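To start, the structure under review is shown below, and the notes come after it.
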Amino acid sequence: MADPAPRQRTAPVLWALLTGNFMIATGVMVVPGTLNEISASLQVTVAVAGQLITASGVVMAIGAPVFAAVLAGTDRRRLLTFCLVWYALLHAACALAPDFAWLLPLRVLAVFAPAVFTPQAAACVGLLVPLQERGRAIAFIFLGWSAASVLGTPLGAWVGGTFGWRAAFGLVALLSLASAAWVWRAMPGGLKPPALSLLAWRQTFGSPVLMTTVAVTVLSAAGQFVMFAYFAPYFHARLGLGPAGLGLVFMWFGLFGLLGNVLMSRHIDRLGADRAVLIGIGLMALSLLTFPLGTSVLLLALVLAPWALGCFSSNSAQQARLVAVAPPLAAASVALNTSAMYAGQAIGAGTGGWLIASGRMDELHLWGFCGLVAAMATSVLASRLGHSR
């Protein structure tokens, strides 16, 4: 019989990392949830306000692999705690920004934290749990992202719509400090994943399987964020949704996102990561294909459900997929995958902003659908490359 003691010792750490991801995700998504309020308050167009998402995505995309290399020898307890404290302070500074010219650079500085926390938390899992439990553990800590979509994002959208976007940013700051305290208390000291050598990075970038798998993340995130980044203005313009209605839409989306991630964490080892990723992206593509059918709140809820089921679960499966392909390169590949996710968000948000500025808001779902179809085709290619090794 397996000794339960190691699992009991690691459970509090995994819960702390899950909570940290919850706050990271809540902070990342606070801008899409309050885009209307930021636009009105700072007197900029929705497309200009959307640059907060694009610029942040670029910074996080570049920062994830760079920080993974630079901070390789840092104690993870100190590093992850500092990330959340930094996140709190910069969100507080954003809440005090007098205009958009101040808000944009402060937001860019704030998102240094997601560029570090999410990939390094996933990399830590490899040092905390046995190999056979690693996929489930990684999927577990990523439940924080889907939990944020149930609680954090809807709450931020409601607070922003009711009390102003500054209050929503302030809430993220306070909760990030609380999360930092939990991570500091739960994480063991002296936890340092091996530093990545130049050879490891070369092996990662030189692996057709890993790089094709990472390309799936870019295409998937870009396809989603063409539409997702502009949920608030889209639903306000098409369905007349206010802060309360928008908060309920985000909560509905989040509930199914959480369900999808729970199902993924339980069945990924049986399905296999490759198949799980394809199922998740296929569900999202179905939603975007049928998006024009969401002409009422009830129909919209039905259309969004498949997207939510696949959204966070497919990303969790992607993380596990990369770790399984090359365990010794996991720290590099997971950081690169996080970079790819944020790069895709920047590409998608930028494309969506361009379409809206061009008066083509009704085309958002079509562009997103094409991105997801391309992601599915690339995922199939990655699987074939993996099987041919």
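The values are calculated or read from the model by the stated rules, or taken from the named source; none is laboratory data. Just so you know, these numbers come straight off a predicted model, no measurement behind them. Cβ atoms come from the backbone with ideal geometry, glycine included; neighbour counts cover every protein chain shown. Note: areas computed on protein heavy atoms with side chains; ligands, DNA, RNA excluded. Shrake-Rupley method; radii C 1.70, N 1.55, O 1.52, S 1.80 Å.
State which residue is farthest from VAL125 (Cα to Cα) when the search covers only the stretch 163-172 and only residues that are open to solvent by 10 Å² or more (accessible area, probe 1.4 Å) and in contact (Cβ under 8 Å) with a residue 60 or more places away in the chain. Result: GLY164. Considering ALA331, ALA335, ALA375, ALA349, the condition of being under 27 Å from GLU133 (Cα atoms), open to solvent by less than 10 Å² (accessible area, probe 1.4 Å) and part of a helix (DSSP H, G or I) is satisfied by ALA335 alone.
Output the number of the condition that VAL44 fails; it satisfies all remaining conditions of (1) free of Cβ contacts under 8 Å to residues at least 12 places away in the same chain; (2) in contact with a helix residue (DSSP H, G or I) (Cβ under 6 Å, 6 or more places away or on another chain). Unmet for VAL44, out of (1) free of Cβ contacts under 8 Å to residues at least 12 places away in the same chain; (2) in contact with a helix residue (DSSP H, G or I) (Cβ under 6 Å, 6 or more places away or on another chain): (1). Count of the stretch 98-137 residues, restricted to those that are more than 14 Å from the chain's Cα centre (by Cα), modelled with pLDDT under 90 and aliphatic (A, V, I, L, M), is 7.
State whether one or more residues within the stretch 178-194 are open to solvent by less than 30 Å² (accessible area, probe 1.4 Å), touching a residue at least 40 places away in the same chain (Cβ under 8 Å) and farther than 26 Å from TRP15 by Cα. No, the stretch 178-194 has no match at all. Pairs are defined by a Cβ separation below 6 Å, a sequence spacing of at least 6 or placement on different chains, a first member in the stretch 225-245 that is touching a residue at least 12 places away in the same chain (Cβ under 8 Å) and within 14 Å of PRO154 (Cα to Cα), and a second member that is open to solvent by 20 Å² or more (accessible area, probe 1.4 Å) and among the polar types (S, T, N, Q); the pairs so defined are ALA232/ASN36; PRO243/THR162.
Quick check on this structure: which one of LEU109, LEU89 is in contact (Cβ under 8 Å) with a residue 40 or more places away in the chain and not charged (D, E, K, R)?
One residue alone meets the criteria, LEU89.
Residues that are buried (at least 17 other Cβ atoms within 10 Å of the Cβ), in contact (Cβ under 8 Å) with a residue 40 or more places away in the chain and touching a Phe, Trp or Tyr at 6+ places or on another chain (Cβ under 9 Å) are absent from the stretch 199-207 altogether. Filtering the stretch 136-157 to residues that are among the hydrophobic types (A, V, I, L, M, F, W, C), open to solvent by 20 Å² or more (accessible area, probe 1.4 Å) and more than 13 Å from THR26 (Cα to Cα) leaves only PHE140. All told, PHE225 meets the bar of being modelled with pLDDT under 95 and out of contact with any Ser or Thr (no Cβ under 6 Å at 6 or more places or on another chain). Looking across the stretch 312-328, the residues that are open to solvent by less than 20 Å² (accessible area, probe 1.4 Å) and part of a helix (DSSP H, G or I) come down to SER313, SER314, SER316, ALA317, GLN318, GLN319, ALA320, ARG321, LEU322, VAL323. Applying a threshold of 8 Å to beta carbon distances and a minimum spacing of six or more residues, or different chains, the list of pairs starting in the stretch 150-162 at a residue that is aromatic (Phe, Trp, Tyr) and ending at one that is open to solvent by 30 Å² or more (accessible area, probe 1.4 Å) reads TRP158/PRO243; TRP158/ALA244. Identify, please: which residue in the stretch 65-98 is more than 29 Å from ALA168 (Cα to Cα) and hydrophobic (A, V, I, L, M, F, W, C) and is, among those, surrounded by the fewest Cβ atoms within 10 Å (Cβ to Cβ)? Among those that are more than 29 Å from ALA168 (Cα to Cα) and hydrophobic (A, V, I, L, M, F, W, C), it is VAL70. Please enumerate the residues belonging to the stretch 317-364 that are closer than 22 Å to GLY73 by Cβ and among the small types (Gly, Ala, Ser). Answer for the stretch 317-364, where residues must be closer than 22 Å to GLY73 by Cβ and among the small types (Gly, Ala, Ser): ALA326, ALA330, ALA331, ALA332, SER333, ALA335, SER339. Report, ordered by the first and then the second residue, all pairs with beta carbons closer than 9 Å, sequence separation of six or more or different chains, a first member in the stretch 268-282 that is under 11 Å from SER314 (Cβ atoms), and a second member that is of a type in the set (Lys, Arg) and open to solvent by 10 Å² or more (accessible area, probe 1.4 Å). Within 9 Å, the pairs are ILE268/ARG136. Going through (1) part of a helix (DSSP H, G or I); (2) more than 19 Å from MET29 (Cβ to Cβ) one by one, THR295 falls short only on (1).
Filter the stretch 229-244 for residues that are open to solvent by 20 Å² or more (accessible area, probe 1.4 Å) and either in a helix (DSSP H, G or I) or basic (Lys, Arg) (or both) and give the result. Quick ask: steps written out before the conclusion?
Let us first name the residues in the stretch 229-244 that are open to solvent by 20 Å² or more (accessible area, probe 1.4 Å), namely 234, 236-244.
Selection gives TYR234, HIS236, ALA237, ARG238, LEU239, PRO243, ALA244.
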